[in-house]
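Only one structure is covered here, and it is reproduced in the block below.
The values are calculated or read from the model by the stated rules, or taken from the named source; none is laboratory data. Note that the structure is a prediction, hence the values are computed from the model and not measured. Backbone-built Cβ (ideal geometry, glycine too); neighbour counts: all protein chains shown. Heads up: the accessible areas ignore ligands, DNA and RNA and are worked out on the full protein's heavy atoms, side chains in. Shrake-Rupley method; radii C 1.70, N 1.55, O 1.52, S 1.80 Å.
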Amino acid sequence: MVQTSILALLGGLLLLASCVSDGGSAAPSPAVARDEHSRSRPEEARSRHLELDLRVDFAARRIEGTARHRIVRRDATAPGDLVLDVKDLEVRAVRAGRGEAARAASWTLEPGDPRLGDGLRIPLEAGEDTVEVDYATTDGGTGLQWLEPAQTAGGTRPFLFSQSQAIHARTWIPCQDSPGVRITYDAVVTVPADLTAVMSAGSGGAPEAVAGGARRFRFAMPQAIPSYLIALAVGQLEFRAMSDRTGVWAEPSVVERAAWEFADTESMVRTAEGLYGPYRWGRYDILVLPPSFPFGGMENPRLTFVTPTVLAGDRSLVALIAHELAHSWSGNLVTNATHRDFWLNEGFTVYFEHRIMEAVYGRERFEMECMLGIRDLEEEMAEMEPRDQVLHVDLAGRDPDEGFTGVPYDKGAGLLRRLEQVFGRERFDAFLRAYFDRFSFTSITTATFRDYLERELLAADPERAAEVDLDLWIEGPGLPPDFPRVVSDAFERIDRSVADWRAGRIELAAFGRERWTTQEWLHFIGRLDPVADRGRLPELERTFALTASGNNEILCAWLELAVRADYGPADARLAGFLKEQGRRKFLTPLYRALLERPGGRERAAAIYREARPRYHAIARDSIDALLDWRG
Ligand code: BES
Ligand code: ZN
C-alpha cells in the first residue's frame with residue numbers, strides 16, 4: 001500500500017500542471033498525458049478546429065469528403081509533422097497551407113496495429129497551420145452503421161448513424177482521435193433530398209437544395225470537444241419540441257411516443273443546473289435511433305443518441321436520459337484525458353444521474369435504481385479478473401472497449417457516494433460544482449482529479465479524509481469495505497413476499513403486480529433462481545405473462561431466467577428479441593446464458609447467423625468474441 005501511494009504521488013506530481021489541455025487556443029504543452037490508443041502526436045502539432053465537407057452516398061454506403069484541420073504547433077517557425085489517426089479510410093489527397101499558399105502535400109501511412117489503425121503523417125513547412133485531407137470511408141469502418149429501409153421504423157428510407165466513442169471517429173474522419181485533444185468543428189453535409197442530417201452541433205439553419213436531388217445541411221460546434229463526441233445521423237427524421245431548449249428527433253412514426261416518454265427532460269435539465277451549474281451547450285435534444293443502435297445512449301453534445309428500446313410507454317426507463325444529460329457536465333465539459341480515466345466520465349455521471357433521479361422522481365426511485373446497479377456490478381465482478389476491477393484500469397495493449405464494464409460506472413459512483421457520505425452533501429456538492437467550473441472544457445487524468453480532491457476537499461479535513469482509502473478505491477480491485485450500501489424498503493417487501501410465496505404462505509397473484517414499478521419487477525426477477533424456481537416458471541408466466549412484456553428491461557431479465565431454467569415456451573420470443581434489436585446490453589447476457597445450456601451453442605449460432613448482418617460492428621465484435629464466431 002505504501003508503495004502504491006508513493007507511486008500515485010509521483011504520478012500526480014509528474015502529471016500535475018501538464019495534463020490539462022487548454023481547449024486548443026495556446027500552443028500544445030509539451031507533456032500532454034500520453035494516450036496509448038492514439039497514433040497522433042498532439043504534443044508536436046495539435047488540431048484545434050475541424051471543417052468537414054461530407055457527401056453521404058447511400059448507394060455506395062460511403063461518405064466522401066474533406067476534413068480541414070486548423071492546427072497549432074510546438075514550434076511553428078520550423079518544419080514539423082502533423083499525425084492524424086486513420087482507420088479503414090481511403091486517403092485520396094492531402095494539401096497543406098491556407099488559401100493562396102496551399103500546396104499538395106506528401107504524406108505517409110504509418111501502419112499501426114489492427115485495433116488502433118494507422119498514423120497519417122504529413123510533413124509541414126514552417127508557418128503552415130492548415131491541413132486538408134480528401135478521403136472516403138470504406139466498408140470495414142466500425143464508426144458508421146448503414147441501415148437498409150427494413151431496419152428502420154418507417155421501412156421506406158435508409159438510415160445512417162455514427163458512433164465514435166471510444167476510438168471509432170478515426171474510421172469516418174481523419175483526426176487526432178484522443179480524448180485529450182479538443183477541437184471545435186463546422187460541417188457541411190450533403191444528403192439525399194428526402195433525408196435529414198443531424199449532428200452533435202448547432203444547426204446552421206434550413207437546408208439548402210443542391211443539384212442532383214440533394215440537400216445540404218450546415219452545422220457548427222463552437223465549443224471545444226474531443227473527437228469521440230463528433231456525431232452524425234441521416235434518415236427520415238422529424239422534430240418535436242418538448243420545451244424551449246429541449247426536443248426529440250425521431251422517425252415520423254416514433255416521434256410522438258418519444259416526446260411523451262421524455263417529457264420530463266426539461267425538468268431534468270433544470271435539476272442538473274441547480275446541482276452543478278448552468279447547462280453550457282445551448283440546446284439539449286434527443287435523437288431516437290433505429291433498434292440496432294448498440295448502446296442505451298451516447299452523450300453526443302447537444303444531441304443525445306438513444307436506443308428505441310427505452311420507449312416503454314410509462315417513462316420508467318428515463319434514467320438513461322438523466323445519465324446522458326449528466327454527461328453534459330461529467331464527460332463533455334470535463335473529459336477523461338485517456339481511456340484509463342474513463343471512470344472520471346462514467347462514475348461521475350452515474351452519481352450525477354442518481355442525483356437527478358432522486359430530485360425529480362424521489363428517494364425511493366433512486367434507492368431502487370442504485371441497488372439494481374450494485375447488484376449487476378457484483379454479479380459482473382464475480383467473473384472478472386482482479387486487474388479489470390480497478391477504476392484506474394490498465395488498458396495498455398488492449399482495446400479501450402475492454403474497459404467498458406460496470407466498474408467505471410457503479411464502482412466509480414460508489415466512490416463519489418462515499419465521499420458525499422463522509423463530507424456531507426452540502427460540502428461535496430460545492431466541491432463538485434467547483435470541479436466542473438475549474439476543469440470545464442478540459443481533459444484531465446485521474447492524477448489531476450486526485451490532486452484537486454486533495455487540495456479542495458481532503459486537505460482541510462484530515463480526520464474525515466483518513467476515512468477514505470483512495471489508493472484502495474482507485475488503484476485496487478474489488479469493492480472496498482466502506483463501499484456505501486443502499487437499502488430499498490420496496491425491495492425488502494418484495495423479498496418478504498418471495499419468501500412467503502416459496503413457503504406456500506401466499507399466492508403469486510397476491511403480489512399486487514398492478515402496483516409494481518419496472519424497478520420492482522427487475523428486482524423480483526433477479527430474486528428468482530433458475531435452478532430452485534425452475535418448476536415455478538409456468539405459474540409465473542400464467543400469472544404475469546412476462547414473455548409478452550413490452551418493457552425491454554423486464555423482458556431481457558425474464559428471458560435470461562427462462563434460458564437458464566430451460567423454459568421452452570419463451571424460446572420464440574427470445575429468438576425474436578435477439579433479431580429485432582441490437583443493444584449490446586441485451587444481447588450479451590442472453591447469448592451468454594444460451595452458451596451455458598446443453599445444446600445452447602447451436603441455438604445461439606442459429607439465431608446469430610441470421611441476426612448478425614443487422615447488428616452494429618461494435619455489437620458484432622462482442623458477440624463474435626463470445627461465441628468464438630468464425631462465420
Ligand atoms: N458514453 C456511454 C456509452 C459508451 C461508452 C460508448 C464507452 C462507447 C464506449 C454512455 O453514456 C453510456 O454510459 N451508456 C449506457 C447507459 C447508461 C444509462 C449506463 C449504455 O449504453 O448502456
Ligand atoms: Zn455514460
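Mind listing whichever residues of the range 102-115 are at pLDDT below 95 and open to solvent by less than 70 Å² (accessible area, probe 1.4 Å)? Gly112, Asp113 - these are the residues of the range 102-115 that are at pLDDT below 95 and open to solvent by less than 70 Å² (accessible area, probe 1.4 Å). With the condition kept exactly as written, say whether any residue in the range 382-389 is within 16 Å of Arg485 (Cβ to Cβ) and open to solvent by less than 30 Å² (accessible area, probe 1.4 Å). No, every residue in the range 382-389 fails to be within 16 Å of Arg485 (Cβ to Cβ) and open to solvent by less than 30 Å² (accessible area, probe 1.4 Å).
Take Gly180 and tell me if it is out of contact with any strand residue (DSSP E or B) (no Cβ under 8 Å at 6 or more places or on another chain) and touching a residue at least 60 places away in the same chain (Cβ under 8 Å).
In short, no.
Do you know which of the residues in the range 354-367 that are in contact with a Leu (Cβ under 8 Å, 6 or more places away or on another chain) and within 16 Å of ligand 2 (Cβ to nearest atom) is most open to solvent (accessible area, probe 1.4 Å)? Only one residue fits best here, namely Arg355. Restricting Gln165, Gln145 to those that are within 16 Å of ligand 1 (Cβ to nearest atom), open to solvent by 10 Å² or more (accessible area, probe 1.4 Å) and part of a strand (DSSP E or B) reduces the list to Gln145.
Among the residues of the range 293-308, the ones that are touching a residue at least 60 places away in the same chain (Cβ under 8 Å) and open to solvent by 10 Å² or more (accessible area, probe 1.4 Å) come to 4 in all. Could you go through the range 174-182 and let me know if any residue there is open to solvent by 10 Å² or more (accessible area, probe 1.4 Å) and basic (Lys, Arg). No, that holds for no residue.
Please work out if Phe577 is touching a residue at least 60 places away in the same chain (Cβ under 8 Å), open to solvent by less than 10 Å² (accessible area, probe 1.4 Å) and of a type in the set (Phe, Trp, Tyr).
No.
Only one of the numbered conditions (1) more than 13 Å from ligand 1 (Cβ to nearest atom); (2) out of contact with any strand residue (DSSP E or B) (no Cβ under 9 Å at 6 or more places or on another chain); (3) under 21 Å from Ile167 (Cβ atoms); (4) of a type outside the set (Phe, Trp, Tyr) is not met by Ser330, and that is (1). If you filter the range 580-597 down to residues that are in contact (Cβ under 8 Å) with a residue 60 or more places away in the chain and within 16 Å of ligand 1 (Cβ to nearest atom), you find that the one that is nearest to Glu380 (Cα to Cα) is Lys585. Screening Ala233 on (1) surrounded by fewer than 21 Cβ atoms within 10 Å (Cβ to Cβ); (2) among the small types (Gly, Ala, Ser); (3) under 30 Å from Arg48 (Cβ atoms) shows it passes everything except condition (1).
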